[in-house]
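These notes concern the structure reproduced below.
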Amino acid sequence: MQSISGSGLPNSHQALLKNQHLLSGRLALLGVASAHLLPELSVSGLAMSEHAGVFRAIEHHESWQACFGYDDLALADNRYDSVVVFLPKARAELEMRLALARSLAVENARLILVGEKKEGIAGAIKQLKAVAPQASKVDSARHCQVWCAEAIESAPGFRVQDWLGWSRIECSGVSIDVAGLPGIFSQDGLDNGTRMLLETFSEQPIRADRLLDFACGSGVIGAWIEAWQAARETPVASIDGVDVQSQAVICARETYRRNNVAGTIFASDGLAGIDGLWPAIISNPPFHTGVKTDTSMTEQFLQDVKRHLQPGGELRLVANSFLPYDALIKRHIGRVERLREDGRFTVYRAFRGQ
């Protein structure tokens, strides 16, 4: 077996390996961040990830049941003797993940919570003890804490729809209903970057019958554009969306359904798994991994986007002004212009050459 110290796994996964004596019977892992964990374990079972790329990697491990997010049909009630919950980035999501864990557990199952100290494991214990008062810390390893609760009370019947919330947002006189789940960007309202991007659509509309919204989140951009077009009785575009996160895909599909938006929502880690050409691609791409600035996803997107953009097609995106996107867009797409900026955000537009 590969050594834990040299595995390159996330700290939480290494901490679990150090304590895998706690795992027995049928095993469920919730929130897997690296498929490389699976062959290191001496038992197998179900592995759920909300990340589309990690899910695809898990699928290659034949002895494991791969699940994508909280609405996967393979998440059957009351089957697992040991359930491991990896601490999610958003504290609000932990409550939902613990509810899923209890629905998967058989009576008297063991629940294990693992998380990094810098990600807030200490503060998460209150949430754990709300559903498993008997939980106790069993180890501190790899800058993580490992907590264990014996004989947890199962609670079958988990439905992600029960965790959906709705908010109404307005921009440039157009309002839409937006679905939200714990851990979703913009769940608490329309962020300023997206608002600026939407305002440029009302000022300088994109002339295309099909669009792709990259990193679509909860589907705000696509739903708003269709509503704006319908309100002005202009031809309504079909707007597809793609996102890497299960909750985003769930919310975007619900947002599209509520607002009668034409378009398909894809789950994919970037554009690598997407086929097709679009006359316009739009985005408010993420630039954080946890608490760190990380533009690698957008850089990869800009490298890949040209083969999905029709000749003469438009790319329009918004980003924090301090990020070095001018040169990247020019290198991969073509001449770039700044449609709007306010010191904090900038909306860029570029057209693919013929």
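The 3J(HN,Hα) values that the Karplus relation (6.51, -1.76, 1.60; θ = phi - 60°) gives for the range 309-326 are, in residue order, 10, 4, x, x, x, 9, 10, 9, 9, 10, 8, 4, 4, 6, 7, x, 8, 3 Hz. Gly and Pro appear as x. For LEU211, the residues 5 or more places off, or on other chains, whose built amide H falls under 5 Å of its own are SER238, ILE239, ASP240.
Applied to the range 124-131, the Karplus parametrisation 6.51 cos²θ - 1.76 cosθ + 1.60 on θ = phi - 60° returns per-residue 3J(HN,Hα) values of 7, 4, 4, 5, 4, 6, 5, 10 Hz, with x for Gly and Pro.
P(r) tail, the range 83-200: Cα-Cα pairs separated by more than 23 Å, 43% of all pairs. Note on ALA130/GLU107: beta-carbon distance plugged into 1/(1 + (r/R0)^6) with R0 of 22 Å gives a FRET efficiency of 0.70.
If both residues of a DSSP beta bridge must be in the chain, then about 50% of such bridges are antiparallel.
Rounded to the nearest whole Hz, the Karplus-based 3J(HN,Hα) values (6.51 cos²θ - 1.76 cosθ + 1.60, θ = phi - 60°) of the range 95-112 follow the sequence 4, 5, 5, 5, 5, 4, 4, 5, 6, 7, 6, 6, 4, 6, 6, 9, 10, 10, with x at glycine and proline. Positive-end ranking of PRO10, LEU111, PRO205 along the dipole of the chain, with charges on Cβ about the Cα centre, is headed by PRO10. With R₀ fixed at 30 Å, the C-beta to C-beta distance from ARG207 to SER167 puts the FRET efficiency at about 0.50.
Between the amide H of ASP139 and those of VAL146, distances stay under 5 Å, these residues lying 5 or more places away or on another chain, with hydrogens modeled in the peptide plane. Using only alpha carbon pairs under 8 Å that are at least six residues apart, calculate the relative contact order of the range 224-354 and give it in whole percent. Computed value for the range 224-354: 18 percent relative contact order. Please give the calculated 222 nm ellipticity per residue for the chain, where each DSSP H segment of at least 4 residues contributes -39500 (n - 2.57) and the sum is spread over every residue; nearest 500 deg cm²/dmol? Calculated at 222 nm, the ellipticity per residue is -8000 deg cm²/dmol.
Taking packing as the residue-averaged number of other Cβ atoms within 10 angstrom, the listed peptides 62-68, 339-345 run from highest to lowest as 62-68, 339-345.
The value of relative contact order for the range 118-263, using C-alpha pairs under 8 Å at least six residues apart, is 19 percent. Computed with a 1.4 Å probe over protein heavy atoms only, the accessible area of LYS18 comes to about 110 Å². If you take the Cα centroid of the range 164-203 and the Cα centroid of the range 223-286, the two points sit 13 Å apart.
Recomputing Cα extents along the principal axes in Å from the coordinates shown identifies the correct label among [x] 60, 40, 37; [y] 55, 53, 42; [z] 76, 51, 34 as [x]. I'd like the distance separating the alpha-carbon centroids of the range 314-337 and the range 7-25, in whole Å. For the range 314-337 versus the range 7-25, the Cα centre distance is 41 Å. Compared with the direct C-alpha span, the chain from LYS118 to ASN78 gains 11.2 nm at full extension, assuming 0.36 nm per residue. Which of the three applies to the range 1-154, rounded, prolate or oblate, going by the alpha-carbon gyration tensor with a ≥ b ≥ c and a/c under 1.5 meaning rounded? Cα axes put the range 1-154 in the rounded bin. Computed about its Cα centre, the charge dipole of the chain is approximately 600 debye, with only Lys, Arg, Asp and Glu carrying charge at their Cβ.
A 1.4 Å probe, protein heavy atoms only, puts the accessible area of HIS21 near 140 Å². Database remark: amide H of ARG26 closer than 5 angstrom to the amide H of ASP81, SER82 (H placed geometrically; neighbours at sequence offset of 5 or more, or on other chains; Pro and chain starts carry no H).
Considering only alpha-carbon pairs that sit under 8 angstrom and 6 or more positions apart, the relative contact order computed for the range 38-84 is 33 percent.
The values are calculated or read from the model by the stated rules, or taken from the named source; none is laboratory data. The shown structure was predicted, so the numbers you read here are calculated from the model rather than taken from an experiment. Glycine gets a Cβ as well: all are built from the backbone with ideal geometry, and neighbour counts include every protein chain shown. With ligands, DNA and RNA removed, areas are computed over all heavy atoms of the protein, side chains included. Shrake-Rupley method; radii C 1.70, N 1.55, O 1.52, S 1.80 Å.
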